[in-house]
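Let me begin by presenting the structure, written as structure tokens, before commenting on it.
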């Protein structure tokens, strides 16, 4: 009996340190995952609240694998019979390991939440973290522990059990995505915790978040209680999970509008610079970059223009937020974009400058790209001049001219290469002194902004 007691005690002590490892791994991967997509959430509380769940994909794999490794350890080490012979129940034997991993996961996710709050709080203009958005992740911790506990018990090869358990959460997530893609509806995906739905202008119903949490909490608890030999409790929890899943399926694919997010917010001063409420935390930086970019173009007298983040900004504000439309005037569209996200919650400086130049010089011409069957010789003189001015804008700022600044950009380098006359115009304009260039802009101010300017030099 002393041998079995010693084995039991050694097993318990060895599992207690497991939570620390789980906490560190969960926090590290979670922060890295969220940091890599910072443009999708920083400064915006609804998006920041939802983004914490992104840490749950690999975090759940870590938790499930760790629990399976701990539960399968007696079989792997050959002392399972000694533990069974001890006076301890299955619950007392395995509970420390289950609790250690559970607490470790929660501590890791708490570190992720702390990182998100530290990044968003100094930038956000209003609101706060939404606890309801965090509930599904907390429930998924229990589900991950349940997966690990079950597979650590039933997988015949104890060495393989942790690997299988670590893969299952990922398979569940990808399976939901595959099924939904085949039916072209977000149904099972809405029951998973990894929710990539944008929160700028839409939000999830409260009941969907609650039912999603209840599903994974009940199902995970059912797996744990079954593994601990409490079949009746597990059966009741499985029924609860079934009801939660049914309710979640009814609510799935439902989004509620956030009308106030479309409201227009403008910065004081000239030019007028406006964004929507969902991105108002970017307004100071957005305006500073606009002013800095327009300063060298003072001769164009753009102080009376309005710079907006999207062409539909005021239309959406009128339609969804009930704001009166502003007076019609010169409007320059400069999207807020970073990587593959537009509108983003961070500004890519180089991409912003390219968009600003395009908005001033090329956008008024409604340019047709050369690779769509039109050559530079077949367009109007005003469009040809817009290419020259945009090429100058990019080269002055050291930006690429090959069309790589943002998706769909016109590559002025290719346009100049196929048209010697256009290339010569670009060279002459670049050779002008600052005073001569300012004088040219002053003479052709209205023509530039209406795509009617002639040869630029």
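The values are calculated or read from the model by the stated rules, or taken from the named source; none is laboratory data. Fair warning: this is a prediction, and the values are worked out from it, not measured in the lab. Cβ sites come from the backbone with ideal geometry, for glycine too, and all protein chains shown count toward neighbours.
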Filtering region 53-71 down to residues that are surrounded by fewer than 23 Cβ atoms within 10 Å (Cβ to Cβ) and closer than 18 Å to residue 128 by Cα yields none
Can you tell me which residue within region 363-385, out of those that are over 24 Å from residue 337 (Cβ atoms) and not in a helix (DSSP H, G or I), is modelled with the lowest pLDDT?
373
Restricted to region 428-446, and to residues that are part of a helix (DSSP H, G or I) and surrounded by 14 or more Cβ atoms within 10 Å (Cβ to Cβ), which residue is farthest from the chain's Cα centre (by Cα)?
440
Just wondering, is there one or more residues in region 335-346 that are under 28 Å from residue 41 (Cα atoms), modelled with pLDDT of 95 or more and either over 24 Å from the mean Cα position of the chain (by Cα) or in a helix (DSSP H, G or I) (or both)?
no
Can you report the number of residues in region 123-159 which are free of Cβ contacts under 8 Å to residues at least 24 places away in the same chain and within 22 Å of residue 100 (Cβ to Cβ)?
1
Looking at (1) at pLDDT 90 or above; (2) more than 27 Å from residue 316 (Cα to Cα); (3) buried (at least 22 other Cβ atoms within 10 Å of the Cβ), which is the one condition that is false for residue 192?
(1)
Please count how many residues of region 386-424 are within 22 Å of residue 338 (Cα to Cα) and exposed (fewer than 15 other Cβ atoms within 10 Å of the Cβ).
6
Under 8 Å between Cβ atoms, at least 6 apart or on separate chains: pull out the pairs that start in region 13-33 with a residue that is assigned by TED's automatic domain parsing to the domain that holds residue 59 and end on any residue that is part of a helix (DSSP H, G or I) and at pLDDT below 90.
14/73; 15/73; 15/96; 15/97; 16/96; 18/97
Going by the structure shown, is residue 315 without any contact (Cβ under 8 Å) to a residue 24 or more places away in the chain, over 25 Å from residue 445 (Cα atoms) and either surrounded by fewer than 18 Cβ atoms within 10 Å (Cβ to Cβ) or under 22 Å from the mean Cα position of the chain (by Cα) (or both)?
yes
Looking at (1) at pLDDT 95 or above; (2) closer than 27 Å to residue 401 by Cβ; (3) surrounded by fewer than 19 Cβ atoms within 10 Å (Cβ to Cβ), which is the one condition that is false for residue 284?
(2)
From 273, 265, residue being part of a strand (DSSP E or B), surrounded by fewer than 19 Cβ atoms within 10 Å (Cβ to Cβ) and under 27 Å from the mean Cα position of the chain (by Cα)
265
Quick one: residue 293 ticks every box in (1) in contact (Cβ under 8 Å) with a residue 24 or more places away in the chain; (2) crowded, with 19+ Cβ neighbours inside 10 Å; (3) out of contact with any helix residue (DSSP H, G or I) (no Cβ under 6 Å at 6 or more places or on another chain); (4) in a helix (DSSP H, G or I) except a single one, so which number is it?
(3)
